[in-house]
Amino acid sequence: MPLGETDKIVTLFAREYGKFNIIAKGARRTTSRLAGATEPLMLLKALLAEGMNLDVLTQCDIKESFPAIRADFGLYLRATYCCELLDRMSIERDPDIETFDLLLSTLYILQRAADSDAVVHSFELKLMGLAGYAPMMDACPRCDQMFDTVTGQDSGIIEAAYSPMRGGALCRECAMATREEVMAISPDAATWMRRLAVEDNARAMAEIVLPQPIADQLNRSLRSHLRLRLERDVKSTAFLDAYRVGAMENLSDPLPPDAR
Amino acid sequence: MLHYARPLARLVAEFEKLPGVGPKSAQRLAFYIMRLSDEEARAFADAILEVKAKIGYCKVCFNFTDQEICDLCRDSRRTDDLICVVAEPRDLIAMDKTGEFKGKYHVLGGVLAPMEGIGPDQLKIRELLARLHAHEVKEVILATNPTVEGDATALYLARLLKDLTPRVTRIAHGVPVGGDLDYADQATLIQAFEGRREL
Ligand SMILES: [Zn+2]
Ligand SMILES: [Zn+2]
(Lines give C-alpha, C1' and ligand atoms only; values in the text may rest on other atoms or scores of the structure.)
(Ligands and ions follow the chains in the order given, each with its own letter.)
Protein backbone atom coordinates (compact mmCIF):
# COMPACT_ATOMS: atom_id res chain seq x y z
CA MET A 1 0.00 0.00 0.00
CA PRO A 2 1.52 3.36 -0.97
CA LEU A 3 2.12 5.75 1.88
CA GLY A 4 0.14 8.92 1.26
CA GLU A 5 1.31 12.21 2.66
CA THR A 6 -1.41 12.26 5.29
CA ASP A 7 -0.61 8.70 6.41
CA LYS A 8 1.55 7.87 9.39
CA ILE A 9 3.66 4.82 10.17
CA VAL A 10 3.40 4.12 13.87
CA THR A 11 5.07 1.56 16.12
CA LEU A 12 2.61 -0.23 18.39
CA PHE A 13 3.52 -2.41 21.32
CA ALA A 14 0.65 -4.81 21.86
CA ARG A 15 0.21 -6.90 24.96
CA GLU A 16 -0.43 -10.14 23.05
CA TYR A 17 1.60 -9.54 19.88
CA GLY A 18 4.66 -7.53 20.86
CA LYS A 19 6.13 -4.67 18.83
CA PHE A 20 5.30 -3.96 15.20
CA ASN A 21 4.73 -1.10 12.74
CA ILE A 22 1.36 -0.22 11.27
CA ILE A 23 -0.02 2.33 8.82
CA ALA A 24 -2.61 4.80 10.07
CA LYS A 25 -4.33 6.14 6.95
CA GLY A 26 -5.01 9.86 7.01
CA ALA A 27 -3.73 10.22 10.57
CA ARG A 28 -1.94 13.48 9.75
CA ARG A 29 -5.22 15.20 9.00
CA THR A 30 -6.52 17.13 11.98
CA THR A 31 -10.01 15.89 11.22
CA SER A 32 -8.94 12.24 11.42
CA ARG A 33 -10.01 10.31 14.46
CA LEU A 34 -6.75 8.42 14.22
CA ALA A 35 -4.66 11.58 14.62
CA GLY A 36 -4.74 11.77 18.40
CA ALA A 37 -4.74 8.03 18.87
CA THR A 38 -1.47 7.54 16.99
CA GLU A 39 0.44 9.99 19.17
CA PRO A 40 3.18 8.74 21.48
CA LEU A 41 2.13 7.55 24.97
CA MET A 42 -1.38 6.43 24.10
CA LEU A 43 -2.96 3.26 25.38
CA LEU A 44 -5.29 1.96 22.66
CA LYS A 45 -7.75 -0.75 21.96
CA ALA A 46 -7.06 -1.17 18.28
CA LEU A 47 -8.51 -3.06 15.34
CA LEU A 48 -6.09 -3.91 12.55
CA ALA A 49 -6.59 -5.10 9.01
CA GLU A 50 -3.95 -7.19 7.33
CA GLY A 51 -2.11 -5.13 4.72
CA MET A 52 0.39 -5.97 2.00
CA ASN A 53 3.52 -4.99 3.90
CA LEU A 54 2.23 -3.39 7.05
CA ASP A 55 -1.05 -3.90 8.85
CA VAL A 56 -3.49 -1.03 8.69
CA LEU A 57 -5.06 0.56 11.73
CA THR A 58 -8.76 0.71 11.00
CA GLN A 59 -10.40 1.54 14.30
CA CYS A 60 -9.29 2.39 17.78
CA ASP A 61 -10.37 3.67 21.15
CA ILE A 62 -8.05 5.68 23.35
CA LYS A 63 -8.08 3.99 26.74
CA GLU A 64 -5.52 6.24 28.41
CA SER A 65 -3.58 9.30 27.31
CA PHE A 66 -1.51 9.99 30.46
CA PRO A 67 -2.42 13.69 30.76
CA ALA A 68 -0.18 14.26 33.80
CA ILE A 69 2.84 13.11 31.80
CA ARG A 70 1.95 15.30 28.84
CA ALA A 71 1.56 18.32 31.10
CA ASP A 72 5.04 18.05 32.61
CA PHE A 73 8.12 18.28 30.40
CA GLY A 74 10.32 16.40 32.88
CA LEU A 75 7.88 13.49 33.09
CA TYR A 76 7.47 13.54 29.31
CA LEU A 77 11.24 13.13 28.87
CA ARG A 78 11.31 10.24 31.36
CA ALA A 79 8.33 8.48 29.75
CA THR A 80 9.87 8.94 26.31
CA TYR A 81 13.12 7.47 27.55
CA CYS A 82 11.32 4.38 28.93
CA CYS A 83 9.57 3.85 25.58
CA GLU A 84 12.79 4.24 23.61
CA LEU A 85 14.64 1.84 25.91
CA LEU A 86 11.89 -0.74 25.47
CA ASP A 87 11.99 -0.21 21.70
CA ARG A 88 15.76 -0.79 21.68
CA MET A 89 15.52 -3.91 23.80
CA SER A 90 12.58 -5.63 22.14
CA ILE A 91 12.40 -7.73 19.00
CA GLU A 92 9.59 -7.34 16.45
CA ARG A 93 6.53 -9.53 16.85
CA ASP A 94 7.83 -11.08 20.03
CA PRO A 95 4.85 -11.27 22.40
CA ASP A 96 5.86 -10.11 25.85
CA ILE A 97 3.02 -9.61 28.28
CA GLU A 98 5.25 -8.95 31.30
CA THR A 99 7.15 -6.17 29.52
CA PHE A 100 3.90 -4.60 28.34
CA ASP A 101 2.53 -4.60 31.87
CA LEU A 102 5.80 -3.20 33.18
CA LEU A 103 5.69 -0.24 30.80
CA LEU A 104 2.05 0.44 31.49
CA SER A 105 2.43 0.39 35.26
CA THR A 106 5.58 2.53 34.99
CA LEU A 107 3.65 5.20 33.07
CA TYR A 108 0.85 5.17 35.63
CA ILE A 109 3.30 5.38 38.54
CA LEU A 110 5.23 8.21 36.85
CA GLN A 111 2.07 10.31 36.94
CA ARG A 112 2.10 10.41 40.72
CA ALA A 113 5.70 9.63 41.60
CA ALA A 114 7.48 11.50 44.37
CA ASP A 115 10.80 10.87 42.57
CA SER A 116 10.40 10.13 38.87
CA ASP A 117 14.05 9.07 38.53
CA ALA A 118 13.52 6.29 41.06
CA VAL A 119 10.66 5.03 38.89
CA VAL A 120 12.83 5.19 35.77
CA HIS A 121 15.66 3.25 37.46
CA SER A 122 13.20 0.65 38.67
CA PHE A 123 11.91 0.33 35.09
CA GLU A 124 15.47 -0.07 33.76
CA LEU A 125 16.29 -2.76 36.31
CA LYS A 126 13.07 -4.72 35.77
CA LEU A 127 13.29 -4.45 31.98
CA MET A 128 16.87 -5.72 32.04
CA GLY A 129 15.74 -8.49 34.37
CA LEU A 130 13.08 -9.60 31.88
CA ALA A 131 15.62 -9.47 29.05
CA GLY A 132 18.20 -11.43 31.04
CA TYR A 133 20.59 -8.51 31.52
CA ALA A 134 19.93 -7.79 35.17
CA PRO A 135 22.90 -6.46 37.13
CA MET A 136 24.28 -9.14 39.41
CA MET A 137 23.89 -7.87 42.96
CA ASP A 138 23.92 -10.94 45.22
CA ALA A 139 27.51 -12.01 44.86
CA CYS A 140 30.74 -10.56 43.51
CA PRO A 141 30.98 -11.68 39.86
CA ARG A 142 34.79 -11.82 40.12
CA CYS A 143 35.31 -14.01 43.19
CA ASP A 144 31.78 -15.41 43.66
CA GLN A 145 31.61 -14.48 47.35
CA MET A 146 28.07 -13.71 48.48
CA PHE A 147 27.44 -10.20 49.74
CA ASP A 148 26.26 -9.72 53.24
CA THR A 149 23.01 -8.07 52.24
CA VAL A 150 21.39 -8.39 55.64
CA THR A 151 23.82 -6.67 57.97
CA GLY A 152 25.07 -4.20 55.39
CA GLN A 153 28.35 -2.46 56.02
CA ASP A 154 28.91 -3.76 59.54
CA SER A 155 30.44 -7.12 58.72
CA GLY A 156 31.13 -9.58 55.98
CA ILE A 157 31.61 -8.94 52.29
CA ILE A 158 30.35 -5.58 51.02
CA GLU A 159 29.89 -3.97 47.64
CA ALA A 160 32.56 -1.40 46.88
CA ALA A 161 32.27 -0.76 43.18
CA TYR A 162 30.19 -1.49 40.12
CA SER A 163 31.73 -3.14 37.10
CA PRO A 164 29.69 -2.50 33.93
CA MET A 165 31.84 -5.06 32.10
CA ARG A 166 31.05 -7.87 34.52
CA GLY A 167 27.51 -6.57 34.98
CA GLY A 168 27.53 -6.51 38.74
CA ALA A 169 28.84 -5.17 42.01
CA LEU A 170 32.40 -6.06 43.03
CA CYS A 171 33.60 -6.74 46.56
CA ARG A 172 36.18 -4.41 48.06
CA GLU A 173 39.09 -6.77 47.42
CA CYS A 174 38.19 -7.36 43.79
CA ALA A 175 37.51 -3.65 43.24
CA MET A 176 41.08 -2.92 44.37
CA ALA A 177 42.60 -5.79 42.40
CA THR A 178 40.91 -5.35 39.03
CA ARG A 179 42.07 -3.10 36.22
CA GLU A 180 38.75 -2.87 34.43
CA GLU A 181 36.60 0.24 34.55
CA VAL A 182 34.71 0.35 37.82
CA MET A 183 32.51 3.02 39.38
CA ALA A 184 31.99 3.71 43.04
CA ILE A 185 28.86 2.22 44.52
CA SER A 186 28.08 2.16 48.22
CA PRO A 187 26.38 -0.73 50.02
CA ASP A 188 23.41 1.63 50.45
CA ALA A 189 23.18 2.23 46.71
CA ALA A 190 23.42 -1.53 46.09
CA THR A 191 20.60 -2.10 48.57
CA TRP A 192 18.45 0.45 46.72
CA MET A 193 19.27 -1.24 43.43
CA ARG A 194 18.09 -4.60 44.78
CA ARG A 195 14.91 -3.03 46.10
CA LEU A 196 14.09 -1.11 42.89
CA ALA A 197 14.56 -4.29 40.86
CA VAL A 198 11.78 -6.09 42.74
CA GLU A 199 9.47 -3.42 44.17
CA ASP A 200 6.10 -4.32 42.72
CA ASN A 201 3.79 -2.34 44.93
CA ALA A 202 2.76 0.68 42.87
CA ARG A 203 1.89 2.81 45.87
CA ALA A 204 5.21 2.11 47.59
CA MET A 205 7.08 2.71 44.33
CA ALA A 206 5.42 6.10 43.86
CA GLU A 207 6.53 7.17 47.34
CA ILE A 208 10.21 6.26 47.02
CA VAL A 209 12.60 9.21 47.07
CA LEU A 210 16.26 8.43 46.37
CA PRO A 211 18.85 10.45 48.29
CA GLN A 212 20.88 12.47 45.76
CA PRO A 213 24.22 10.59 46.15
CA ILE A 214 22.40 7.28 45.66
CA ALA A 215 20.59 8.61 42.59
CA ASP A 216 23.92 9.74 41.11
CA GLN A 217 25.54 6.35 41.70
CA LEU A 218 22.60 4.44 40.22
CA ASN A 219 22.43 6.77 37.26
CA ARG A 220 26.11 6.30 36.42
CA SER A 221 26.32 2.56 36.87
CA LEU A 222 23.02 1.75 35.15
CA ARG A 223 23.86 4.03 32.23
CA SER A 224 27.16 2.30 31.72
CA HIS A 225 25.67 -1.17 32.21
CA LEU A 226 22.99 -0.44 29.59
CA ARG A 227 25.37 1.11 27.09
CA LEU A 228 27.55 -2.01 27.10
CA ARG A 229 24.59 -4.33 26.63
CA LEU A 230 22.74 -2.29 24.01
CA GLU A 231 26.04 -1.46 22.28
CA ARG A 232 24.87 2.09 21.68
CA ASP A 233 23.36 5.05 23.41
CA VAL A 234 19.68 5.55 23.87
CA LYS A 235 19.07 8.90 22.15
CA SER A 236 16.70 10.37 24.69
CA THR A 237 19.23 9.78 27.49
CA ALA A 238 21.20 12.86 26.53
CA PHE A 239 18.13 15.09 26.91
CA LEU A 240 17.10 13.49 30.16
CA ASP A 241 20.62 14.11 31.53
CA ALA A 242 20.65 17.69 30.29
CA TYR A 243 17.26 18.26 31.86
CA ARG A 244 18.30 16.71 35.18
CA VAL A 245 21.24 19.07 35.57
CA GLY A 246 19.26 22.05 34.26
CA ALA A 247 21.44 22.39 31.19
CA MET A 248 18.45 22.58 28.88
CA GLU A 249 17.62 25.91 30.45
CA ASN A 250 21.11 27.34 30.24
CA LEU A 251 20.21 28.24 26.70
CA SER A 252 18.98 31.58 28.08
CA ASP A 253 22.53 32.73 27.49
CA PRO A 254 21.80 33.88 23.94
CA LEU A 255 24.05 34.24 20.97
CA PRO A 256 25.63 37.66 20.53
CA PRO A 257 23.64 39.51 17.83
CA ASP A 258 26.51 39.47 15.34
CA ALA A 259 26.91 35.68 15.60
CA ARG A 260 23.43 34.99 14.30
CA MET B 1 14.10 -1.94 -11.92
CA LEU B 2 16.25 -3.99 -14.30
CA HIS B 3 13.91 -3.51 -17.26
CA TYR B 4 14.39 0.28 -17.33
CA ALA B 5 17.19 1.88 -19.30
CA ARG B 6 19.72 3.18 -16.80
CA PRO B 7 18.89 6.96 -17.05
CA LEU B 8 15.19 6.18 -16.64
CA ALA B 9 15.86 3.94 -13.68
CA ARG B 10 17.81 6.79 -12.11
CA LEU B 11 14.89 9.21 -12.53
CA VAL B 12 12.42 6.69 -11.10
CA ALA B 13 14.73 6.17 -8.13
CA GLU B 14 14.90 9.95 -7.52
CA PHE B 15 11.12 10.27 -7.57
CA GLU B 16 10.80 7.39 -5.15
CA LYS B 17 12.78 9.36 -2.59
CA LEU B 18 10.03 12.00 -2.46
CA PRO B 19 7.64 11.85 0.50
CA GLY B 20 4.47 9.90 -0.23
CA VAL B 21 5.72 8.60 -3.59
CA GLY B 22 5.81 4.82 -4.00
CA PRO B 23 7.31 2.79 -6.88
CA LYS B 24 4.11 2.97 -8.99
CA SER B 25 3.78 6.75 -8.71
CA ALA B 26 7.49 7.21 -9.31
CA GLN B 27 7.18 5.28 -12.55
CA ARG B 28 4.16 7.33 -13.59
CA LEU B 29 5.99 10.62 -12.89
CA ALA B 30 9.10 9.48 -14.75
CA PHE B 31 7.05 8.54 -17.83
CA TYR B 32 5.36 11.94 -17.65
CA ILE B 33 8.77 13.64 -17.70
CA MET B 34 9.74 11.52 -20.73
CA ARG B 35 6.85 13.04 -22.69
CA LEU B 36 7.84 16.65 -21.91
CA SER B 37 9.46 18.78 -24.60
CA ASP B 38 13.14 19.64 -24.08
CA GLU B 39 12.23 23.19 -22.97
CA GLU B 40 9.65 21.95 -20.50
CA ALA B 41 12.06 19.45 -19.04
CA ARG B 42 14.76 22.10 -18.74
CA ALA B 43 12.36 24.53 -17.03
CA PHE B 44 11.51 21.81 -14.52
CA ALA B 45 15.13 20.97 -13.80
CA ASP B 46 16.04 24.68 -13.60
CA ALA B 47 13.27 25.30 -11.08
CA ILE B 48 14.75 22.65 -8.81
CA LEU B 49 18.27 24.03 -9.17
CA GLU B 50 17.13 27.61 -8.68
CA VAL B 51 15.23 26.85 -5.51
CA LYS B 52 18.31 25.17 -4.10
CA ALA B 53 20.61 27.98 -5.17
CA LYS B 54 18.48 30.96 -4.20
CA ILE B 55 16.25 29.96 -1.30
CA GLY B 56 17.73 30.03 2.14
CA TYR B 57 16.60 30.86 5.63
CA CYS B 58 15.66 34.35 6.78
CA LYS B 59 18.32 35.53 9.22
CA VAL B 60 15.68 36.75 11.65
CA CYS B 61 12.76 34.30 11.62
CA PHE B 62 14.22 31.27 9.73
CA ASN B 63 11.38 31.15 7.26
CA PHE B 64 12.34 30.33 3.66
CA THR B 65 13.33 33.38 1.65
CA ASP B 66 15.39 34.42 -1.36
CA GLN B 67 16.72 37.44 0.54
CA GLU B 68 18.78 38.02 3.67
CA ILE B 69 15.66 39.00 5.56
CA CYS B 70 12.24 37.82 4.43
CA ASP B 71 9.29 39.97 3.34
CA LEU B 72 7.32 39.23 6.51
CA CYS B 73 10.15 40.40 8.74
CA ARG B 74 10.61 43.60 6.74
CA ASP B 75 6.90 44.42 6.57
CA SER B 76 6.53 47.62 8.64
CA ARG B 77 2.77 47.14 8.97
CA ARG B 78 3.49 44.14 11.16
CA THR B 79 4.19 44.83 14.80
CA ASP B 80 7.42 43.72 16.47
CA ASP B 81 5.52 43.39 19.76
CA LEU B 82 4.18 39.92 18.94
CA ILE B 83 6.10 36.82 17.90
CA CYS B 84 4.28 33.69 16.82
CA VAL B 85 6.46 30.58 17.15
CA VAL B 86 5.82 27.73 14.68
CA ALA B 87 7.60 24.46 13.98
CA GLU B 88 7.94 24.54 10.19
CA PRO B 89 7.70 27.07 7.33
CA ARG B 90 4.49 25.36 6.15
CA ASP B 91 2.90 26.06 9.55
CA LEU B 92 3.79 29.73 9.12
CA ILE B 93 2.07 29.74 5.75
CA ALA B 94 -1.04 28.03 7.15
CA MET B 95 -1.15 30.49 10.04
CA ASP B 96 -0.57 33.56 7.91
CA LYS B 97 -3.30 32.64 5.44
CA THR B 98 -5.83 33.28 8.20
CA GLY B 99 -4.86 36.98 8.10
CA GLU B 100 -5.55 37.15 11.84
CA PHE B 101 -2.04 37.66 13.02
CA LYS B 102 -0.27 40.99 12.51
CA GLY B 103 3.00 40.30 14.31
CA LYS B 104 6.23 38.56 13.36
CA TYR B 105 7.04 34.86 13.21
CA HIS B 106 9.78 32.56 14.37
CA VAL B 107 10.30 29.17 12.73
CA LEU B 108 11.91 26.56 15.00
CA GLY B 109 12.74 24.09 12.24
CA GLY B 110 11.00 21.19 14.00
CA VAL B 111 9.88 20.13 17.46
CA LEU B 112 11.72 18.53 20.36
CA ALA B 113 11.84 14.79 19.70
CA PRO B 114 14.11 13.10 22.23
CA MET B 115 13.77 9.67 20.60
CA GLU B 116 15.02 11.08 17.30
CA GLY B 117 17.83 13.00 18.94
CA ILE B 118 16.25 16.41 18.30
CA GLY B 119 16.88 18.66 21.28
CA PRO B 120 16.97 22.43 21.84
CA ASP B 121 20.34 22.73 20.10
CA GLN B 122 18.92 21.28 16.89
CA LEU B 123 16.15 23.90 16.78
CA LYS B 124 16.33 27.68 16.37
CA ILE B 125 15.69 28.26 20.07
CA ARG B 126 18.89 30.12 20.89
CA GLU B 127 18.05 32.46 18.02
CA LEU B 128 14.57 33.07 19.46
CA LEU B 129 16.11 34.01 22.81
CA ALA B 130 18.47 36.36 21.04
CA ARG B 131 15.50 38.09 19.42
CA LEU B 132 13.79 38.52 22.77
CA HIS B 133 16.97 39.93 24.26
CA ALA B 134 17.51 42.28 21.34
CA HIS B 135 14.23 44.12 21.87
CA GLU B 136 11.22 43.77 24.06
CA VAL B 137 8.34 41.67 22.81
CA LYS B 138 4.95 41.98 24.52
CA GLU B 139 3.68 38.50 23.75
CA VAL B 140 5.06 35.25 22.42
CA ILE B 141 2.43 32.93 20.98
CA LEU B 142 3.41 29.27 20.83
CA ALA B 143 1.73 27.74 17.80
CA THR B 144 3.44 24.36 17.55
CA ASN B 145 1.13 21.54 16.49
CA PRO B 146 -1.17 20.16 19.19
CA THR B 147 0.66 16.83 19.19
CA VAL B 148 2.46 15.26 22.13
CA GLU B 149 5.78 16.54 20.79
CA GLY B 150 4.37 19.95 19.85
CA ASP B 151 2.89 20.29 23.34
CA ALA B 152 6.12 19.23 24.98
CA THR B 153 8.02 21.80 22.91
CA ALA B 154 5.55 24.51 23.97
CA LEU B 155 5.87 23.48 27.64
CA TYR B 156 9.61 23.67 27.39
CA LEU B 157 9.57 27.05 25.65
CA ALA B 158 7.04 28.50 28.08
CA ARG B 159 9.41 27.81 30.96
CA LEU B 160 12.41 29.06 29.09
CA LEU B 161 10.76 32.31 27.98
CA LYS B 162 8.79 33.30 31.04
CA ASP B 163 11.38 35.81 32.30
CA LEU B 164 12.06 37.26 28.88
CA THR B 165 8.60 38.41 27.89
CA PRO B 166 5.54 39.50 29.88
CA ARG B 167 3.15 37.10 28.17
CA VAL B 168 3.57 33.60 26.75
CA THR B 169 0.44 32.05 25.24
CA ARG B 170 -0.41 28.79 23.53
CA ILE B 171 -2.95 28.68 20.69
CA ALA B 172 -6.17 26.98 21.78
CA HIS B 173 -6.70 23.39 20.84
CA GLY B 174 -9.58 24.02 18.48
CA VAL B 175 -7.23 21.99 16.33
CA PRO B 176 -7.94 18.34 17.26
CA VAL B 177 -5.16 16.62 19.15
CA GLY B 178 -2.60 14.91 16.95
CA GLY B 179 -3.04 16.81 13.70
CA ASP B 180 -0.77 19.02 11.64
CA LEU B 181 -1.54 22.75 11.46
CA ASP B 182 -0.91 22.44 7.78
CA TYR B 183 -4.07 20.42 7.25
CA ALA B 184 -6.26 22.41 9.61
CA ASP B 185 -8.93 24.48 7.90
CA GLN B 186 -8.87 28.27 8.14
CA ALA B 187 -11.86 28.62 10.46
CA THR B 188 -10.33 26.23 12.96
CA LEU B 189 -7.04 28.10 12.88
CA ILE B 190 -8.70 31.48 13.44
CA GLN B 191 -10.58 30.04 16.42
CA ALA B 192 -7.38 28.53 17.76
CA PHE B 193 -5.71 31.89 17.52
CA GLU B 194 -8.50 33.82 19.23
CA GLY B 195 -8.80 31.28 22.02
CA ARG B 196 -5.12 31.22 22.91
CA ARG B 197 -4.42 31.02 26.60
CA GLU B 198 -1.65 32.17 28.86
CA LEU B 199 0.95 29.61 29.95
ZN1 LIG C 1 35.15 -10.25 44.76
ZN1 LIG D 1 11.92 36.54 8.36
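The values are calculated or read from the model by the stated rules, or taken from the named source; none is laboratory data. What you see is a predicted model; the values in this text were computed from it and never measured. Neighbour counts run over all protein chains shown; Cβ positions are idealised from the backbone, glycine included. Areas reflect the complete protein model, heavy atoms only, side chains present, ligands, DNA and RNA absent. Shrake-Rupley method; radii C 1.70, N 1.55, O 1.52, S 1.80 Å.
Mind listing P(r) for the range B:115-159? All alpha-carbon pairs, 10 Å bins, whole percents.
Calculated P(r), rounded to whole percents: 23, 54, 21, 2.
Would you calculate, for the protein assembly as shown, the mean residue ellipticity at 222 nm contributed by helices, counting each DSSP H stretch of 4 or more residues as -39,500 (n - 2.57) and dividing by all residues, to the nearest 500?
For the protein assembly as shown, the value works out to -13000 deg cm²/dmol.
Averaging the inverse of every distinct alpha carbon separation and then flipping it gives the Kirkwood radius. What is it for the range B:94-134, in angstrom units?
12.0 Å
What shape does the range B:6-54 have by the C-alpha gyration tensor, where a ≥ b ≥ c are the square roots of the eigenvalues, rounded means a/c under 1.5, and otherwise prolate means a/b greater than b/c and oblate the rest?
It comes out oblate by the Cα gyration axes.
Under a crude label model (7 Å from the Cα following the beta-carbon direction), how far is A:ARG229 from A:GLU173 in nanometres?
2.8 nm
Roughly how big is the A-B contact, given as buried accessible area in Å² (both sides, 1.4 Å probe, nearest 100)?
3200 Å²
Could you rank B:LYS59, B:LYS124, A:LYS8 by how accessible they are, 1.4 Å probe, largest area first?
B:LYS59, B:LYS124, A:LYS8
How much accessible area per residue does the range B:6-54 have, in Å², with a 1.4 Å probe?
81 Å²
In whole percent, and with a 1.4 Å probe on the protein chains, what portion of the accessible area of chain A is carbon and sulfur?
About 49 percent, which is the carbon plus sulfur part of the accessible surface.
Which three semi-axes in whole Å describe the equivalent ellipsoid of the range A:67-260, each the square root of 5 times a Cα gyration tensor eigenvalue, listed largest first?
Here the semi-axes work out to 30, 22, 17 Å.
Just to verify a number: what accessible area does B:PHE101 come out at with the full protein assembly present, 1.4 Å probe, Å² rounded to tens?
10 Å²
Suppose we flag GluC sites (Glu not before Pro) only when DSSP calls them loop and at most 14 other Cβ atoms lie within 10 Å. Which is the longest uninterrupted stretch of chain A?
Numbers: sites that count: A:GLU5, A:GLU16, A:GLU50, A:GLU180, A:GLU181, A:GLU231.
Within chain A, the longest run free of exposed GluC sites (Glu not before Pro) spans A:51-179.
In the structure shown, do any of A:LYS25/B:LYS102; B:LYS97/B:LYS124; A:LYS8/B:LYS104; A:LYS8/A:LYS45 have a Cα-Cα gap over 25 Å, and if so which?
The answer is A:LYS25/B:LYS102; A:LYS8/B:LYS104.
Pick out which of B:LEU49, B:LEU128, B:LEU142 has the largest mean-square fluctuation in a Gaussian network model of chain B, springs linking Cα atoms closer than 10 Å.
B:LEU49
If you wrap a convex hull around the Cα atoms of chain B, how much volume per residue is inside, in Å³?
Numbers: hull volume 32.0 nm³, N = 199.
Roughly 161 Å³ of hull volume per residue.
Have a look at the range A:74-112 and report residues whose accessible surface goes down by 10 Å² or more when the remaining protein chains are included, against the chain on its own, probe 1.4 Å, ligands and DNA/RNA excluded.
A:TYR76, A:LEU77, A:THR80, A:CYS83, A:GLU84
What aspartates and glutamates could a cross-link reach from A:LYS235, if we take a straight Cα to Cα line under 16 Å and drop same-chain neighbours fewer than 8 places away?
Candidates past the 8-residue exclusion: A:GLU84, A:ASP87, A:GLU124, B:GLU116, B:ASP121, B:GLU149.
Of the residues A:VAL120, A:VAL182, A:VAL198, which exhibits the maximal mean-square fluctuation in a Gaussian network model of chain A defined by a 10 Å Cα contact cut-off?
Maximum among the listed residues: A:VAL198.
Would you mind counting up the charge near B:ARG170? Only other residues with Cβ under 9 Å from its Cβ, with Lys and Arg at +1 and Asp and Glu at -1.
0
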